[in-house]
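All of the numbers you see were taken from the coordinates with simple rules; none came from a lab. A quick note: this is a predicted structure, and the numbers were derived from the prediction, not measured. Please note: Cβ atoms are built from the backbone with ideal geometry, for glycine as well, and neighbour counts cover all protein chains shown.
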Amino acid sequence: MRRARPVILTGDRPTGPLHLGHYTGALVHRVRLQHEYETYILIADLQALTDNTERPELVAQSVWEVLLDNLSVGVDPTLATYVLQSGIPELAELTQLYLNLVTLARLQRNPTVKEEMRAKGFGSDVPAGFLAYPVSQAADITGFGANLVPVGEDQIPVIEQTREIVRRLNRLYGETLVIPEAMTSAVGARLPGTDGQAKMSASLGNAINLSDPPEVVRQKVMGMYTDPTRLRATDPGHVEGNPVFDYLDALDPDKARVEELKAHYRRGGIGDVAVKRHLAEVLEAFLAPIRARRREWENRPEEVRALLAAGTKRGRRVVARTLDRVIAAIGLPHLIAPTLSSRGRAKRGRGINPDTMPSAEGGRTPPKEARRAAHDR
Ligand code: TRP
């Protein structure tokens, strides 16, 4: 049964509640993909900490926010496995091994990281952990044996970096890891902010959160940016570049009605307030069931905790197996055995593994399969 389906891994940095942009960009696809793939949902708290070092409580709190947000939109814990990054120390071990497979210059050239560094205003004081987050992400992706990684365009260079690390590892130590692929098809168009900026983002203060109460949603909608060139409701208006219509396109199930509204708006004769009222209703219809499901989970906090713990435990076994394979491929003597590997060392915990002890002659036990694979190529 295991490995019958391709594996996908998606990750969220827990730095605050998820918003409509996360929904249309990622969550809606997750809900669909969980039926077709073996799905891991990684809550990347260690990655979030790389640029929130001084706000650990925000990260810790957001772990639960992000988990509830995913649950409330229907990412089903019986279909997908939720894992907490910091609960899997083997990911850190993989990261350390991978750090040798990438140069500092290459990390500094990563366009995604460069852009984030600029946006966060690190200047020359970049935390080394932040610069290296793509390496930790390579550990995430390969640790779970992910074949496909649903990400937005902006994360493609990070996936490319993973692929380079994997290729280098496979070349040096023998065919050990699968080369993952970015799955951009599973990511929708970017939703603009309520202020008309290209991206909805908590840090820009232009987001409508999935957990916002109805009054807040209404307020945010009524304050939205629309067509600034239009002075009166009778004037013809612009639909393109108008976030109110982008939201309707994304979330109003009645497409014919949206087209009618657009035509009316272009012609003139309908006011912004009327269109916004309509959007507020559409969002309310969309968010009400999400809110209801969220409340159900919020009422069962022990269950929420338990599902994350169980998923993390399951995920940890998978990552431990990968770490085992990587250590064997590199050919380290393997005195220290991964805690939870498949070979039954789980109960004994870490300790000396007699199978891979250096031999009496002082040589080491060769990592068989890996070496052979390297020779065959
Ligand atoms: N870097 C991703 C983001 O900023 C989050 C992430 C962490 C991730 N680990 C991952 C995404 C593994 C995909 C796979 O959104």
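Okay, here's what the table says:
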{"item": "Computed FRET value (nearest 0.05) for GLU181 with VAL273, which takes r as the C-beta separation and R₀ as 35 Å", "result": "0.15"}
{"item": "Alpha-carbon centroids, region 304-333 and region 186-226: separation in whole Å", "result": "37 Å"}
{"item": "Potential extension, GLU284-GLU164 segment - 0.36 nm per residue separation minus Cα distance", "result": "38.7 nm"}
{"item": "Cβ-based exposure ranking for SER201, SER185, SER72, in which fewest neighbours within 10 Å come first", "result": "SER185, SER201, SER72"}
{"item": "Theoretical FRET efficiency, 1/(1+(r/R0)^6), r = Cβ-Cβ of THR78 and ARG295, R0 25 Å, to 0.05", "result": "0.80"}
{"item": "For q = 0.23 Å⁻¹, Debye-computed log10 I/I(0) when each Cα of region 1-100 counts as one equal scatterer", "result": "-1.23"}
{"item": "Extension gain (nm, one decimal) between ALA256 and ARG106, 0.36 nm per residue minus Cα-Cα", "result": "49.1 nm"}
{"item": "Loop-exposed GluC sites (Glu not before Pro) per DSSP, neighbour cap 14 Cβ within 10 angstrom, longest uninterrupted part of the chain", "result": "55-239"}
{"item": "Pairwise centroid distance, computed over Cα atoms, of region 239-303 with region 107-175, Å", "result": "35 Å"}
{"item": "Percent antiparallel among DSSP beta bridges (both partners in the chain, rounded to 5)", "result": "5 percent"}
{"item": "Förster-model FRET efficiency, 22 Å R0, ALA189 and MET222, C-beta, rounded to 0.05", "result": "0.35"}
{"item": "Cα pair distances of region 257-309 binned at 10 Å [whole percent]", "result": "21, 29, 19, 15, 13, 3"}
{"item": "Listed residue (ALA80, ALA128, ILE8) projecting farthest to the positive dipole end of region 1-137, Cβ model", "result": "ILE8"}
{"item": "The chain: Cα Rg divided by the 2.2 N^0.38 Å rule of thumb", "result": "1.14"}
{"item": "Projected label distance in nm at ARG5 and ARG171, using a 7 Å step from Cα toward the beta-carbon", "result": "3.5 nm"}
{"item": "Extension gain (nm, one decimal) between ASP154 and ALA306, 0.36 nm per residue minus Cα-Cα", "result": "51.4 nm"}
{"item": "Cα-based Rg of region 195-322 normalised by 2.2 N^0.38 Å, two decimals", "result": "1.43"}
{"item": "Entries of LYS199/LYS255; LYS114/LYS255; LYS220/LYS262; LYS220/LYS313 with Cα pairs more than 31 Å apart", "result": "LYS114/LYS255; LYS220/LYS313"}
